[in-house]
Every structure is written in structure tokens, then in C-alpha cells.
Amino acid sequence: SNTERTFIAVKPDGVQRALFPEVLRRFSQKGFKLVGIKLTFAKEELLREHYSDLQSKPFFPSLLSYMMSGPVLATVWEGKDVVKQGRALLGATNPLQSAPGTIRGDFALDMGRNIIHGSDSVESAEKEIALWFKKDELVSYKSEMYGWIYE
Ligand code: DAT
Ligand code: MG
């Protein structure tokens with residue numbers, strides 16, 4: 001459906017390197033609707049929940065300090081197949097394996113500096129949106145571009 005939602009976060013390096021406008025541009029121009037956005041310092045407790053499936057990995061401590069090294073641009077996007085399409089816009093987890101044309105493929109080299117996060121399933125998107133945003137921080141509005149995006 002056209003109301004599927006995903007959580008996309010520009011990580012601290014993406015914010016500091018001024019890549020966030022490029023991320024917003026790519027998601028917007030693909031046809032997705034921005035329904036939530038905020039610049040925020042992620043708390044350790046939130047990150048432990050966000051990355052709970054990775055807590056036993058050796059890279060977990062460095063992942064947490066990376067994610068707390070500066071502000072994160074947290075966003076929520078809505079549209080057809082947005083979770084899977086969003087992952088395609090991001091590219092592979094390892095930027096060395098991300099195709100040119102993807103965000104990580106165009107702007108990153110190291111796994112621990114891969115500039116952006118995207119939910120990997122509709123279920124994790126719902127969990128992550130609830131974790132990062134309060135209900136009243138998400139906005140409902142009619143996108144004037146929808147008639148030109150959807151048949
Ligand atoms: P993704 O961010 O593509 O969803 P993930 O959820 O498996 O990937 O891992 C979360 C982040 O953790 C990832 O963006 C970068 C880091 N990471 C994952 N695997 C790693 C590894 N083998 N070595 C170092 N960092 C890793
Ligand atoms: Mg993931």
C-alpha cells in the first residue's frame with residue numbers, strides 16, 4: 001500500500017559531511033513522502049534497543065560510540081514498498097559492496113562509517129519509528145506530488 005512507512009537515519013558522519021540534503025533529495029525525488037524529521041543526539045539506551053539484535057557482535061561498542069559521535073538526522077518516509085525500496089537506495093551494509101548509484105556506494109568506504117541507516121523490514125520499521133518518534137511528531141498531510149507519482 002502507499003502508506004507503508006520506514007525509518008531512515010543519517011548517521012553522525014552523514015550529518016557532519018553535509019550529505020543529509022542528498023539523502024532527503026533522493027528519497028523525495030523517488031516519490032516518497034517525508035512524514036517525520038528531527039536532528040537529535042541518540043541516547044545510549046535508545047541505541048541499545050535500536051541495535052538489540054547486534055548486542056553480542058564484537059563491533060557493537062564501536063557501533064554505539066559512532067552513533068553517539070554527533071547528531072543524527074532521524075526521518076520517516078511513506079510510500080509504496082518504501083522499506084525495500086529504501087534499502088535499495090541505501091545500498092549494501094558494506095560500502096565496498098554497494099553499487100555506484102546507491103547512497104553508500106556513492107559516498108562511503110568503511111562499514112563503520114556507512115553514513116545512513118534504513119529499516120530492514122516492515123516490522124522493524126514499526127519498532128524503530130516508535131522508538132525514535134513520538135506519535136505527535138509524525139505529520140499527516142496530502143502530498144501534492146502523489147497524482148504525478150502514482151498511476
Ligand atoms: P544495516 O545497517 O545495513 O542494516 P546491520 O543492521 O547488519 O546493517 O548492522 C548495523 C550496522 O552495524 C551497520 O550499518 C554497520 C555496522 N556493522 C554491521 N556489520 C558489521 C561488521 N561485520 N563489522 C563492522 N561493523 C558492522
Ligand atoms: Mg540493520
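Residue under question is G14, and the condition is that it be touching a helix residue (DSSP H, G or I) at 6+ places or on another chain (Cβ under 7 Å) and on the phi > 0 side of the Ramachandran plot; does it hold?
Numbers: touching a helix residue (DSSP H, G or I) at 6+ places or on another chain (Cβ under 7 Å): yes; on the phi > 0 side of the Ramachandran plot: no.
No.
Any chance region 13-33 includes a residue that's more than 20 Å from G105 (Cα to Cα), among the polar types (S, T, N, Q) and open to solvent by 20 Å² or more (accessible area, probe 1.4 Å)? Quick ask: steps written out before the conclusion?
Filtering region 13-33 for residues more than 20 Å from G105 (Cα to Cα) gives 31-33.
Cutting the leftovers down to among the polar types (S, T, N, Q) gives us none.
No, region 13-33 contains no residue that is more than 20 Å from G105 (Cα to Cα), among the polar types (S, T, N, Q) and open to solvent by 20 Å² or more (accessible area, probe 1.4 Å).
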The helices (runs of 4 or more DSSP H) lying entirely within region 59-151 that contain at least 1 residues which are exposed (fewer than 14 other Cβ atoms within 10 Å of the Cβ), within 14 Å of ligand 1 (Cβ to nearest atom) and over 14 Å from the mean Cα position of the chain (by Cα) are 60-67, 122-132
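Quick grid of which residues meet (1) touching a residue at least 12 places away in the same chain (Cβ under 8 Å); (2) touching a Cys at 6+ places or on another chain (Cβ under 9 Å); (3) basic (K, R):
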site	(1), (2), (3)
K33	yes, no, yes
G36	yes, no, no
E45	no, no, no
L54	no, no, no
M67	yes, no, no
L96	yes, no, no
A99	no, no, no
V139	yes, no, no
S143	yes, no, no
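Say we look at region 104-122 and pick out the residues that are in contact with a strand residue (DSSP E or B) (Cβ under 9 Å, 6 or more places away or on another chain) and among the hydrophobic types (A, V, I, L, M, F, W, C); which of these is nearest to ligand 2 (Cβ to nearest atom)?
As a first pass, look at region 104-122 and keep what is in contact with a strand residue (DSSP E or B) (Cβ under 9 Å, 6 or more places away or on another chain): 104, 106-108, 115-119, 122.
Those still in the list that are among the hydrophobic types (A, V, I, L, M, F, W, C) too: 107-108, 115-116, 122.
Numbers: F107: 18, A108: 15, I115: 14, I116: 11, V122: 14 Å.
Ranking the qualifying residues of region 104-122, first place goes to I116.
Go through region 1-12 residue by residue and tally those that are buried (at least 17 other Cβ atoms within 10 Å of the Cβ) and over 13 Å from the mean Cα position of the chain (by Cα).
Quick first cut of region 1-12, residues buried (at least 17 other Cβ atoms within 10 Å of the Cβ) only: 4-12.
Add one more test, that the residue is over 13 Å from the mean Cα position of the chain (by Cα), and what stays is 4.
The qualifying residues number 1.
The values are calculated or read from the model by the stated rules, or taken from the named source; none is laboratory data. Quantities reported herein were computed from a predicted structural model and do not represent experimental measurements. Reconstructed Cβ throughout: ideal geometry from the backbone, glycine too, with neighbour counts over all protein chains shown. Side chains included, ligands, DNA and RNA excluded: accessible areas come from the protein's heavy atoms. Shrake-Rupley method; radii C 1.70, N 1.55, O 1.52, S 1.80 Å.
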